[in-house]
Every structure is written in C-alpha cells, then in structure tokens.
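One structure is given here, and the rest of the page talks about it.
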Amino acid sequence: MTSIRTNFNYKIRLAEKDDTLSIMRIWRECFTDDLLYISNFINFCLPFTKTWVVIPQDSKSAVSVLSLLPSYAIIDNQKIIGGYIYGVATLPDFRGHSLSKRLIETAVNYCTECGEQSFETTITKKITNIDLSQINLAGISPLKKIENLTIAQLYSIREEELSTTHLLWPLEILNYTIEDAKSKGGSLVALKDETIGKRTIFYIYYPHESNVSCIKVVDSNVIDISELSQVILDVKLAFPKAKTMKFESSSGGFNSENTTLENSALIKILDNKIDLQKFSQLHLALPME
C-alpha cells in the first residue's frame, strides 16, 4: 500500500547532472519501465531542456520533475520563442501536494521573464484513418528512397516548408523525436519525387503502441492526396501485414471522409500583441507523444 506524506518541506530548482538517476527513477515509476525510451530522453533531450525538480528538505533525490522543451513559431514573419511542457511527473508517495502545479507555475514564470510562450489555448490537428486493405494503388510507381537523410537536412526542410503551418523544433529536439520514434520501432523515411518541382517528401512513423497492425505517421511535409498515396504505398511495401494507418496533419491540411479534427495541445500566449487565432491554427507535430 502506498503511503502519502501529509506534510513536508521542499525546494524547486533547475536539475543538475547529479539529478539524472532520480529523474530516471521518476520516469520509470510514472511513465514506463522501458529503459531505451528513458535513456533516449536522458541522452538526447534532457541536456537541451530547462528541467526543474522538486527536492524534499531531508533528501538529495528529486521526487517530482518537469521539462520545458524549446520550441518556436513563425507568425507574420516574426519568430516567437516558446516552450513545450513535457514529462511532468511526481512519485506516488509525494502526490497530493500540488507539486506538478508548482512546477508548471515555475515554468510559466520562467517563460514570462524570458519573453517566451507557454501553453493554455487549445490547438488542433487532423487525423486521417486509412484502411490499407481498401486502398488501390495500382499504377502508382514507388518513389526512390533517400538513404540516411540527416537531421540537419530534415531541419532545413521543416524550416522551409512547414514554418507557416507548424510549431517548430530546434535541431537537438528534432533529433530526439527521431530517436524516440526509433525506440518504438519506427523511423524517419524520405522519398525523392523527381517530377516537376523535385520535392523531398519525408514522414516519421512508428507502430501504434496498443495495435502493431496500425502505423502512426506523426510528422510529414505531405501536401496533397498524391503525396499521401506515395506514403501509403511505402508503408504497405515496408509493412505488408499492416492493416490501418493513422496520418496526422495540420488543421489546415487536406480532408477525406475519414479525417477528423482532434485537440492537440494547449497554448498560453504571454504577449497580447501575438495573433491568437493564427497561433491556434499551427500544428504541433510531436512524435514523442
């Protein structure tokens, strides 16, 4: 039976290198015991975040944690710096003291002081559910795969093509999203369209956590049904036993009869000069959900 502390003194501070083991313990107890998943966060994400921990007065080990991942958006040609609140968790023995609330307040205060944005207003995304057995791709030739597309190349594509429709990630966090997808059995795929325009089409996928016959495409630069058909064909060739695909896109993306609009995240605008409506239409492509 879990014992709950009725009262204790604590402090909140930025995480230090010595806090790594206690952060790993919190993640294992609160999220998953998948050591690869946790190691990916510790190695590829944590060093590039602002992370706060709660330390009891009588201990040196953290009992609650919150990370703020750097993110940004382009609104009316203005770069708006912000942060994504991630990995908020408290050990069971220390719940009931509003520690997560205190950590969120700390993160919001930090964003306010730095002129950054935090999260409050709902933004949405589109989910297109595709029955792979019902898709007829006869006559469509598969595009050539680009082997080993680098994170820097992916970053450049997203900056150039997605800045008006997506919230954006710095290079380091983008690298973490790929490592996270790999840990779930997925990857980054790039296809070369050699027709007029010669586009590079990318998508990031992994099998659904509770249904491996469903492939989730959680980020891409696909702009129309023709390009979506190429992704579907590539998925069917790579996963012949897959039955369905969930394809995420921005709220302004294409529609089909199987497309639904879902809540994606919360945005808190700290600067009243920013156009809230434009911000709320941006897509938060977050492969590590």
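The values are calculated or read from the model by the stated rules, or taken from the named source; none is laboratory data. Note that the structure is a prediction, hence the values are computed from the model and not measured. Cβ coordinates were reconstructed from backbone atoms using ideal geometry, including for glycine residues, and neighbour counts include every protein chain displayed. In case anyone asks, the SASA skips ligands and DNA or RNA and just uses the protein heavy atoms, side chains included. Shrake-Rupley method; radii C 1.70, N 1.55, O 1.52, S 1.80 Å.
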Taking max minus min of the Cα coordinates of region 35-148 on each principal axis, largest first, gives extents in Å of 68, 41, 29
Phi-derived 3J(HN,Hα) across region 63-80 with the Karplus relation (6.51, -1.76, 1.60, θ = phi - 60°), rounded Hz, x for Gly and Pro, is 10, 8, 8, 8, 10, 10, 7, x, 8, 7, 9, 10, 10, 6, 6, 10, 7, 10
Percent relative contact order for the chain, counting Cα pairs under 8 Å at least six residues apart, stands at 22 percent
Taking every DSSP bridge whose two residues both lie in region 142-289, the antiparallel percent to the nearest 5 is 75 percent
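Taking the DSSP beta bridges in the chain as the whole, what percent of them are antiparallel, to the nearest 5? Kindly include the intermediate steps, with their values, before the conclusion.
Details: 52 of 58 bridges.
Percent antiparallel among DSSP bridges in the chain is about 90.
Return the FRET efficiency for the residue pair GLN78, SER210: r is the Cβ-Cβ distance, R0 is 41 Å, and the value is rounded to the nearest 0.05. Intermediate values should be presented prior to the final figure.
Details: r = 40 Å, r/R0 = 0.99.
Rounded to the nearest 0.05, the efficiency is 0.50.
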Simple spin-label estimate for LYS11/ASN129, 7 Å along Cα→Cβ, in nm, reads 5.2 nm
A correct Stokes-Einstein calculation for the chain, using the alpha-carbon Kirkwood radius, 25 °C and 0.890 mPa s, returns a whole-number D in µm² s⁻¹ of 119 µm²/s
Sequence order, region 217-224: Karplus ³J(HN,Hα) from phi using 6.51 cos²θ - 1.76 cosθ + 1.60, θ = phi - 60°, Hz rounded, Gly and Pro as x, gives 9, 9, 7, 5, 10, 4, 10, 8
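Can you sort MET24, MET245 by 1.4 Å-probe accessible area, starting with the largest? Don't jump to the answer; show the numbers that get you there.
On the way: MET24 50, MET245 0 Å².
Ranked list, largest accessible area first: MET24, MET245.
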Simple spin-label estimate for ILE151/LEU35, 7 Å along Cα→Cβ, in nm, reads 2.3 nm
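How do THR195, THR20 stack up against each other in accessible area, from largest to smallest, with a 1.4 angstrom probe?
Accessible-area ranking of THR195, THR20, largest first: THR195, THR20.
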Using eta = 0.692 mPa s and T = 37 °C, Stokes-Einstein with Kirkwood Rh from Cα pairs puts D for region 7-85, in µm² s⁻¹, at 236 µm²/s
Check: C-alpha center region 76-141 vs C-alpha center region 186-240, spacing in Å is 23 Å
